[in-house]
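Q: Following this message is one structure expressed as structure tokens.
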Amino acid sequence: MAKTRKPTLAVWKFASCDGCQLSLLDCEDELLEVAAAVDIVNFVEASRAVAKGPYDISLVEGSITTPHDAERIHRVRRSSKLLVTIGACATAGGIQALRNFGNVKEYTSIVYASPQYIETLSKSTPISDHVFVDFELRGCPINKYQLLEVLGALVHGRRPVTPSYGVCVECKRRGHVCVAVAGGTPCLGPVTNAGCGALCPGFTRGCYGCFGPKPMPNTSALANYWSAGGMKRLDVVRAFRGFNASAEAFRRESELHDT
């Protein structure tokens, strides 16, 4: 009887902190099951062994911030049957997308003694701005259980099922007292996609928007609520310019108040 070939999995890093890649290793008890379901052939975070493509599934972490990476992502796409972006950097440009609101040449002249040797793009952009992406898994970092769901779904040829509702739903499920209503704490929970288990509100802190905008977020209503409560315009801008600063809904709202 012929042995069934396992799907090959490659993990790629672009501009990022490696945290989302490490979420795969953080699966711990489930990692052996993952290794049994797929053949991990390219994952420099975990092994020096690198096999040539093509690959059945590629997980891509990080944003595009250099001309070299803008070319490299096309090579990754061509060698991948399915390409999944993981994390805020890959799906929205990440915290480094704060450069998109300023002058990169000015930044490099301040930070580096010899800025003429720095090759960088003026913006940090998500992978989907450059190549076709089959599925986006958001978070900073991603939720490892969502990652397992995505891998399992792709291996079995079905569409992954991940939350499409806000963090407020997670708060209610966990029985958290609303930090915004009860404590007047600015919280992005009403406009942020679920995935963290309402971690920050569980410690009586407002949501920081790690999982990006939920579907059809009413960011203007939230910003107006903050402003009516006395929140300064600069603080409204800063609230939306976090881990997902360049995500369309957050970027647009922050720019409306950045005057």
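Read the figures in this text as sums done on the coordinates, not as results from a lab. Remember, predicted model here, so these are calculated numbers, not experimental data. No Cβ is skipped: glycine too gets one built from the backbone with ideal geometry, and neighbour counts run over all protein chains shown.
Q: Which peptide among 108-121, 215-228, 158-171 comes first, and what is the full order, when sorted by highest mean count of other Cβ atoms within 10 Å?
A: 158-171, 215-228, 108-121
Q: If you filter the range 1-60 for trypsin sites (Lys or Arg not before Pro), then keep DSSP loop positions with at most 15 other Cβ within 10 Å, what is left?
A: Taking the range 1-60 and a limit of 15 other Cβ atoms within 10 Å, the loop trypsin sites (Lys or Arg not before Pro) found are Lys3, Arg5, Arg48, Lys52.
Q: I need the fraction of alpha carbon pairs in the range 167-257 separated by more than 16 Å, rounded to a whole percent.
A: 48
Q: Please work out the Cα convex hull volume for the range 84-182 and give it in Å³ per residue.
A: About 166 Å³ per residue, rounded to a whole number.
Q: Mind checking the log10 I(q)/I(0) for the range 78-128 at q = 0.25, 0.26 Å⁻¹? Debye, one equal scatterer per Cα, no solvent, two decimals.
A: Log10 of I(q)/I(0), two decimals: -0.92, -0.96.
Q: Right, something else. For the chain, give me the percentage of DSSP beta bridges that are antiparallel, rounded to the nearest 5 percent.
A: 25
Q: Under a plain spin-label model, where a point goes 7 Å from the Cα along Cα-to-Cβ, how far apart in nm are Met231 and Ile110?
A: Label at Met231, label at Ile110, 2.5 nm between them.
Q: Of the candidates Cys17, Cys89, Cys207, which one comes out as most mobile in a Gaussian network treatment of the chain with C-alpha springs shorter than 10 Å?
A: Looking only at Cys17, Cys89, Cys207, the biggest GNM fluctuation is shown by Cys17.
Q: If you don't mind, there's one more thing I want to ask. Remind me, relative contact order of the chain in percent, using alpha carbon pairs under 8 angstrom and six or more residues apart?
A: 17
Q: Oh, and also: Residues with amide H under 5 Å of Ile40's amide H, sequence separation 5 or more or different chain, H placed in the peptide plane at 1.01 Å from N; which?
A: Amide H neighbours of Ile40: Leu9.
Q: Tally Lys and Arg at +1 and Asp and Glu at -1 over the other residues with C-beta under 14 Å from the C-beta of Gly212: what net charge comes out?
A: With Lys, Arg at +1 and Asp, Glu at -1, the neighbours total +2.
Q: Give, in nm to one decimal, the length gained when the segment between Thr4 and Ile118 is fully stretched (0.36 nm per residue of separation minus the Cα-Cα distance).
A: 36.3 nm
Q: Let me see the pair-distance distribution of the range 107-259: every alpha carbon pair, 5 Å bin width, integer percents in order.
A: Histogram of Cα-Cα distances, whole percents per bin: 2, 9, 15, 17, 17, 13, 11, 8, 5, 2, 0.
Q: For the range 85-154 and the range 234-259, what is the separation of their Cα centres, given in Å?
A: About 16 Å separates the Cα centre of the range 85-154 from the one of the range 234-259.
Q: Give me, ordered by chain and number, the residues 5 or more places off Thr120 or on other chains with an amide H under 5 Å from its own placed amide H.
A: Those qualifying (amide H under 5 Å, at least 5 residues apart or on another chain) number zero.
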